[in-house]
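What follows is calculated from the coordinates using simple rules that are stated; it is not laboratory data. Quick caveat: nothing in here was measured; it's all calculated off a predicted structure. Because the Cβ atoms are built from the backbone with ideal geometry, glycine has one as well, and the counts that use them run over all protein chains shown.
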Amino acid sequence: MLKERESVVLKKIEDRMISRVNLGFDLEVLSVLDNADASSHQIEALKGRLSSEILLRLLSIASSVYYGSLKRGAVNSFYEAVSRLGMDQTKAFIIILAQQALARGDREIEKVFARTFATAVLGKLLSKEFALREDAARKVELGGLLLEIGRIMILLYRKLYLKEEGVAEADVTDAFIDEVHPQLGVAVVEKFFLPPYLKRILLAESLVFEMRRFALAGVVRLAHDAVTTSFRRFNNKLVLAVPPPSREEGFSIAEMVTEHFRAVGLQQYLQIVRLEETPEEEPPAA
């Protein structure tokens with residue numbers, strides 16, 4: 001239960017970061033993407049309502065081997081990108097890339113972006129290992145992408161708008177962010193009409209089971225905890241140990257993940273280690 005002052009500060013952050021910040025895209029873009037009957041012409045026309053930076057990143061992400069470009073070719077239009085990524089993933093990436101642009105140059109916030117992106121990737125890989133259906137794997141991926149969107153927004157608020165709005169630094173501590181960021185994430189889900197199941201994923205505080213398996217929220221949490229541990233041990237990197245490459249294999253998981261991180265500009269947060277190698281651990285804190 002939040003104290004009165006904490007609730008007031010959270011409301012200020014929500015109002016500024018969701019309602020009054022120039023995010024580099026017209027909100028009409030998201031409403032059109034919500035329309036399952038939108039024509040290819042209507043969807044393609046949306047690219048004029050996105051900043052050039054967001055549009056280029058989206059095309060790069062959709063063109064990566066991670067989303068099947070090896071078989072289906074590179075993406076050359078916004079409509080193709082939406083078709084490749086799916087409506088919900090496109091909306092999530094637009095929101096995330098907008099926040100990433102606002103945070104440019106801030107190393108602390110970039111680490112959170114990298115961690116959530118890594119959570120989405122690892123969550124999708126785990127989903128395949130758990131033999132989840134493709135639609136369930138995409139839900140896990142989406143949950144990972146947005147798991148800490150509230151934290152990112154609060155960090156941006158603390159960096160850009162704290163003094164302007166008369167909020168004291170003591171009101172936006174790390175402990176405060178840890179406690180309230182899931183609630184702000186839920187507000188993002190509601191504001192931008194993202195799938196309701198995301199609320200359960202964002203609010204889950206532990207591994208969640210259904211009758212005989214992990215719930216989707218549990219898979220996301222498992223991926224997030226593994227990523228957090230890897231970032232702590234290996235100097236803010238997701239370290240994946242993989243077998244040596246095989247000529248027969250074609251594009252390996254390692255190559256697909258590497259290209260995907262590169263498409264978002266976060267390749268420095270990924271380290272691929274062949275099984276015969278050992279990554280360097282960070283020394284324990286003094």
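Determine the relative contact order of the range 141-189: mean sequence separation of Cα pairs under 8 Å and six or more apart, normalised by residue count, in whole percent.
60 percent
Among Ser39, Val208, Val112, whose Cα projects farthest towards the positive end of the dipole of the chain, with charges put on the beta-carbon of Lys, Arg (+1) and Asp, Glu (-1)?
Ser39
Have a look at Met153, Ala226, Leu50 and report the one farthest towards the positive end of the charge dipole of the range 4-274, computed about the Cα centre with Cβ charges (Lys/Arg +1, Asp/Glu -1).
Working it through, the farthest residue towards the positive pole turns out to be Ala226.
Please order Leu194, Leu147, Leu156 by the number of other Cβ within 10 Å, starting at the fewest.
With the fewest neighbours first, Leu194, Leu147, Leu156 line up as Leu156, Leu194, Leu147.
Within a Cβ distance under 15 Å of Glu4, other residues only, what is the Lys/Arg minus Asp/Glu net charge?
Net charge in that neighbourhood comes out at +1.
If I require 27 Å or longer along the helix axis, counting alpha carbons, and a Kyte-Doolittle average no lower than -1.0, what helices from the chain are left? Use full DSSP H segments.
107-129
Is it possible to state the helix-based mean residue ellipticity at 222 nm for the chain, with each DSSP H run of 4+ residues giving -39500 (n - 2.57), the sum divided by total residues, to the nearest 500 deg cm²/dmol? What is it?
Calculated mean residue ellipticity at 222 nm is -18000 deg cm²/dmol.
Out of (1) 14.8; (2) 18.0; (3) 17.2, which label holds the value of mean projected area of the Cα convex hull in nm² that was computed here?
Correct label, based on the coordinates given: (3).
So for the pair Glu53, Ala226, with labels modelled 7 Å out along Cα→Cβ, what separation do we get in nm?
3.2 nm
Calculate the dipole size of the range 126-227 relative to its Cα centre from +1 charges on Lys and Arg beta carbons and -1 charges on Asp and Glu beta carbons; express the result in debye to the nearest 20. Walk me through the numbers before you get to the answer.
Details: 14 positive and 16 negative charges, 97 e Å.
In total the dipole reaches around 460 debye.
Round to a whole angstrom and tell me the spacing of the C-alpha centers of the range 4-78 and the range 143-173.
Rounded to whole Å, the Cα centres lie 21 Å apart.
Just to confirm a number: summing +1 for Lys and Arg and -1 for Asp and Glu over residues other than Asp135 whose beta-carbon lies under 11 angstrom from that of Asp135, what do you get?
Local charge sum for Asp135: 0.
Take each of the peptides 182-191, 86-95, average the number of other beta-carbon atoms within 10 Å over its residues, and list them starting from the highest.
Going from most to least packed, we get 86-95, 182-191.
Computed over the Cα atoms of the range 44-200, what is the convex hull's projected area averaged over all directions, in nm²?
Averaging across all directions leaves 10.4 nm² for the Cα convex hull.
What size of dipole, in debye to the nearest 20, comes out for the range 4-274 about its Cα centre when the only charges are +1 on Lys and Arg C-beta atoms and -1 on Asp and Glu C-beta atoms?
620 debye
Normalised by the number of residues in the range 4-274, what is the relative contact order in percent for Cα pairs under 8 Å and 6+ residues apart?
Computed value for the range 4-274: 20 percent relative contact order.
With +1 on the Cβ of every Lys and Arg and -1 on the Cβ of every Asp and Glu, and nothing else charged, how large is the dipole of the range 9-135 about its Cα centre, in debye rounded to the nearest 20? Mind showing how you got there, number by number?
Values: 18 positive and 16 negative charges, 80 e Å.
So the dipole magnitude of the range 9-135 works out to roughly 380 debye.
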